[in-house]
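Enquirer: Okay, handing you the structure first.
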Number of protein chains: 2
Amino acid sequence: MSQSPTGPRYSALTVDLPATVPFVGPETQERARGRKFRARIGANESVFGPSPKAAAAMAVAAPLGWMYCDPENHDLKVALAAFHGVGAENIVVGEGIDALLGYSVRLTVDPGSVVVTSLGAYPTFNFHVAGFGGRLVRVPYDGDREDPAALLEAARREDARLIYFANPDNPMGSWWPDADVARLIAGVPAGALLLLDEAYSDTAPAGTLPPLDVTNPAVLRLRTFSKAYGLAGLRVGYAIGEAGVVRSFDKIRNHFGVNRVAQVGALAALADQAYLVETVGRIAEARRRIAGIAADNGLAALPSATNFVTIDCGRDGAYAKRVLGELVARDVFVRMPGVAPLDRCIRVSAGRADDLAVLAEALPQALAAAARG
Amino acid sequence: MSQSPTGPRYSALTVDLPATVPFVGPETQERARGRKFRARIGANESVFGPSPKAAAAMAVAAPLGWMYCDPENHDLKVALAAFHGVGAENIVVGEGIDALLGYSVRLTVDPGSVVVTSLGAYPTFNFHVAGFGGRLVRVPYDGDREDPAALLEAARREDARLIYFANPDNPMGSWWPDADVARLIAGVPAGALLLLDEAYSDTAPAGTLPPLDVTNPAVLRLRTFSKAYGLAGLRVGYAIGEAGVVRSFDKIRNHFGVNRVAQVGALAALADQAYLVETVGRIAEARRRIAGIAADNGLAALPSATNFVTIDCGRDGAYAKRVLGELVARDVFVRMPGVAPLDRCIRVSAGRADDLAVLAEALPQALAAAARG
């Protein structure tokens, strides 16, 4: 009866995929280094933490974690709908924007379908596109901003199924005014879906976010509790869109996937807008401080609409990579853009005064060491 | 520039999928009914709750939820590896067994690939198979147990990529001894992967679980913190298997998908084995009480190795469905198997004395009403 086991046959779409992680986490680096970072300002987390009311609500919810979550995410969805002035049927909640991007790709991409994004934009999105066999077409940034006109042009030329556009942008911190984004939305070719990643919407200046229009099935607006709300580890993101598009996620999503404690935490965080405003103020202050530290070292900080500041190291990618390595060696967790010409920069997340004092101490040393290298 | 938006083109695999949820949650039913259940004993949750140490650890972790989770799930994985006497490279942690089943299907199923399961087994698995275009071949239960020999025979005949087998079984609560399961594992045809769902392993009698063999790439053992550990709402499951098969999940998983608070909670729950033993004792006591309530009403309770008891209502599916409806109408949340002949039963999860007192009160009334109906 027994026979020699051979293991699984893998599907055509996955057999040749690399076993990779889009980002190496700071904990992985700490384990490899054998010591902790002194400043964790590399993953655009909110070191200011979540609303204390959200933390308290989660503590109360923890012993009730024996219950599966509500697969409809009803209470959170209704609260978000009221907050945004749309219907509950216009919102899908997921395990972070990451999961929603994956579902969006799975819903629209056949093997060989074209997906348009910017060269240097969010790697996790590219990971999902590769995972479903899409063909990525990457459009260069225009200066340090994504290029809406070029994205549209590529989408039309290549008959794209999906267009990815982040506003404000990661990793550059740049942004487009609402009128330009509205023009991008209006220009989406027939049969394409625009994924408008607004993870950094909470820190964007007024006039950045075009009005929501949930009658338009050509765009999904992606939002998250991971940034200014300070709940990155809880994994709660959502998309706002036309009801039919939103309903399509029910075809494939992990219905019981959004943690019960996370739903409770996000709901409480949403209700505490005063804390959000306070946090956004702290982030703005941290951005100014980071820009000041950059200037003290003769470097230019890019303008930022996000919870991080991208610093131009003024030379090429190899040099910026050395600067980054020297910062990491000095126990400062930061990251950098992955491709040229963006990779002349390093990216520093908003930190508390203590975190930024560590940066202020380490940066001149790192620059000196990198210059020698 | 503006044009009439048409919305997305859907992928071939998803365009015709129904927008459905595999299970309607109790909260959805409560909203529809306009009132709460008095006893929540339908989803095989552990109403006894998680270890207080796990709840306390999660409360401490909540304010630290601003940090993304460790995408390697390192600490939990290492603890699980030590607990099971395998390597960390033999374990993949995911957002519940549900997510791991979805990843397993995506990794192995091409459109048209055959997947073998039992007629009436876990619907969420079938949801994933349909979602990736697999062709489900369903083998009838043998009495009230899944039929290992018939599953193997079908897998061989149909050249299956995947075989799903739950031991102990849901929804019947039945189980096979380890020797039979070992024979099933040994018989897996070349090129197939056996998904051995052991969600109910913690409540199974001794002699149910064959030894782990992480040199065998033909089987994945799926475990969870959702059942006896009382953390269903936290979404932490894991699979134990051969290192190469385990590594393949890195190709596609949502790397940052397992909530930071959940990782901390699961780690603390694992460390509190005394509480687990206590809970398993309470579950056994509840099973006896449920069987007693069934007997008091002239019904037979099936033997159970799980945290629920399946009660044979003694007539057909239409009758059991009426009994279930009458219980729900009396504010008792229970569920039932979906297909004949299993659907002559209702399924009652282990409850506290209070929960089961509600059942004891409602069941005779429900049976009387169903008999009239």
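Enquirer: Name the chain A residue with the Cβ nearest the axis that maps A onto B: which is it, and what is the distance in angstrom?
Expert: Spelled out, residue of A and its Cβ distance from the axis onto B: A:ALA59, 2.
Enquirer: Under a point-charge model restricted to the Cβ atoms of Lys and Arg (+1) and Asp and Glu (-1), what is the dipole moment magnitude of chain B relative to its Cα centre, in debye to the nearest 20?
Expert: Its charge dipole is roughly 920 debye.
Enquirer: Next question, about the same structure. Once all Cα-Cα distances of region A:111-222 are split into 5 Å bins that start at 0, what whole-number percent is in each one?
Expert: Histogramming region A:111-222 at 5 Å steps yields 2, 13, 24, 26, 21, 10, 3, 0 percent.
Enquirer: Amide H of B:ALA166 versus every other amide H placed in the peptide plane: which residues, excluding those fewer than 5 positions away on the same chain, fall under 5 Å?
Expert: B:ASP197
Enquirer: Excluding same-chain residues fewer than 8 positions from B:LYS53, which aspartates and glutamates have a Cα within less than 18 Å of its Cα?
Expert: B:ASP75, B:ASP272, B:GLU278
Enquirer: Computed on alpha carbon atoms, what radius of gyration and Dmax characterise region B:13-105, expressed in Å?
Expert: Reported Rg and Dmax, both Å: 18.2, 50.
Enquirer: So who's got an amide H within less than 5 Å of the one on B:PHE37, skipping anything under 5 residues away but keeping other chains? H placed 1.01 Å off N, in plane.
Expert: Placed amide hydrogens put nothing under 5 Å from B:PHE37.
Enquirer: Each residue of region A:57-71 in turn: what ³J(HN,Hα) in whole Hz from Karplus with 6.51, -1.76, 1.60 and θ = phi - 60°, glycine and Pro shown as x?
Expert: 3J(HN,Hα) across region A:57-71, in whole Hz: 5, 5, 4, 5, 6, 4, x, 8, x, 5, 7, 4, 6, 6, x.
Enquirer: How large is the Rg to Rh ratio of the protein assembly as shown when both quantities use alpha carbon positions and Rh follows Kirkwood?
Expert: Reported Rg/Rh, Kirkwood definition of Rh: 0.98.
Enquirer: Work from the charge dipole of chain B (Cβ charges, +1 for Lys and Arg, -1 for Asp and Glu, about the Cα centre) and give the residue of B:LEU184, B:GLY207, B:ALA360 farthest towards its positive end.
Expert: Farthest towards the positive pole: B:ALA360.
Enquirer: Pairs to check: B:LYS36/B:LYS77; A:LYS251/B:LYS227; A:LYS251/B:LYS321. Give those whose C-alpha atoms are more than 32 Å from each other in this structure.
Expert: Cα-Cα > 32 Å for B:LYS36/B:LYS77; rest within.
Enquirer: Follow-up question, since we're still on this one. Specify whether the C-alpha gyration tensor of region B:196-264 places it in the rounded, prolate or oblate class, a ≥ b ≥ c being the square roots of the eigenvalues: rounded for a/c under 1.5, otherwise prolate if a/b is larger than b/c and oblate if not.
Expert: Oblate shape, in that a/c is at least 1.5 and b/c is the bigger or equal ratio.
Enquirer: List the distances, in nm to one decimal, from the label point of A:ALA186 to the label points of the same position in every other copy, shortest first, placing each label point 7 Å from Cα along the Cα-to-Cβ direction.
Expert: Result, one decimal in nm: 7.3.
Enquirer: Across peptide A:16-23, how many C-beta atoms of other chains are within 10 Å of each residue C-beta, on average?
Expert: Rounded to a whole number, the mean comes out at 4.
Enquirer: For B:ARG156, what accessible surface area do you get with a 1.4 Å probe? Give it in Å², rounded to 10.
Expert: 120
Enquirer: From the gyration tensor of the Cα coordinates in region A:258-373, what semi-axes in whole Å does the equivalent ellipsoid have, largest first, with each one equal to sqrt(5λ)?
Expert: The three semi-axes for region A:258-373 are 30, 15, 13 Å.
Enquirer: Pairs of Cα atoms under 8 Å, at least six residues apart: use those to get the relative contact order of chain A, whole percent.
Expert: 23
Enquirer: Which whole-Hz couplings ³J(HN,Hα) result when phi for each residue of region A:363-373 is put into the Karplus expression 6.51 cos²θ - 1.76 cosθ + 1.60, θ = phi - 60°, listed in order with x for Gly and Pro?
Expert: These are the phi-based 3J(HN,Hα) values: 4, x, 5, 5, 5, 5, 5, 5, 5, 5, x Hz.
Enquirer: How far is it, in nm, from the label point at B:ALA369 to the one at B:LEU212 when both lie 7 Å from their Cα along the line to the Cβ?
Expert: Label at B:ALA369, label at B:LEU212, 4.7 nm between them.
Enquirer: Further, regarding this structure: For chains A and B, what's the summed buried accessible area, probe 1.4 Å, to the nearest 100 square angstrom?
Expert: 7900
Enquirer: Dipole of chain B (Lys/Arg Cβ +1, Asp/Glu Cβ -1, origin at the Cα centre): which of B:PRO71, B:ASN216, B:GLY351 lies farthest to the positive side?
Expert: B:GLY351
Enquirer: As a test, work out the antiparallel percent of DSSP beta bridges whose residues both lie in chain A, rounded to the nearest 5.
Expert: 50
Enquirer: Got the A:PRO303 label distances to the other copies yet, label 7 Å along Cα→Cβ, in nm, shortest first?
Expert: Copy-to-copy label distances at A:PRO303, shortest first: 7.5 nm.
Enquirer: Report the accessible area of A:ARG315, computed with a 1.4 Å probe over the heavy atoms of all protein chains in place, in Å² rounded to the nearest 10.
Expert: Answer for A:ARG315: close to 130 Å² accessible.
Enquirer: Calculate the length of the line joining the C-alpha centroid of region B:287-319 to that of region B:173-192, in whole Å.
Expert: One Cα centre to the other: 27 Å.
Enquirer: A:GLY112 label points, 7 Å along Cα→Cβ, one per copy: pairwise distances from this copy to the rest in nm, shortest first?
Expert: Nearest to farthest, the other copies are at 1.5 nm.
Enquirer: I would also like to ask the following. How large is log10 of I(q)/I(0) for chain B at q = 0.06, 0.09, 0.10 Å⁻¹ when the intensity is taken from the Debye formula with one equal scatterer per alpha-carbon?
Expert: Log10 I(q)/I(0), no solvent term: -0.23, -0.53, -0.66.
Enquirer: Given the rule -39500 (n - 2.57) for each run of at least 4 DSSP H residues, summed and divided by the residues of chain B, what is its mean residue ellipticity at 222 nm, to the nearest 500 deg cm²/dmol?
Expert: Computed mean residue ellipticity for chain B: -12000 deg cm²/dmol.
Enquirer: Taking amide hydrogens as modeled 1.01 Å from N in the peptide plane, which residues meet the under 5 Å criterion relative to B:VAL137, leaving out close sequence neighbours?
Expert: So B:VAL137 has HN proximity to B:VAL115, B:VAL116, B:THR117.
Enquirer: For the protein assembly as shown, give me the percentage of DSSP beta bridges that are antiparallel, rounded to the nearest 5 percent.
Expert: 45
Enquirer: Once phi is turned into θ = phi - 60°, what whole-Hz ³J(HN,Hα) does the Karplus curve with 6.51, -1.76 and 1.60 give for every residue of region B:38-47, x standing for Gly and Pro?
Expert: 7, 9, 9, 10, x, 10, 6, 7, 9, 5
The values are calculated or read from the model by the stated rules, or taken from the named source; none is laboratory data. Since we're looking at a predicted model, the values are computed, not measured. Positions of Cβ are generated from backbone atoms using ideal geometry, with glycine treated the same way; all protein chains shown enter the neighbour counts. Protein only, heavy atoms only, side chains kept; ligands, DNA and RNA dropped before computing areas. Shrake-Rupley method; radii C 1.70, N 1.55, O 1.52, S 1.80 Å.
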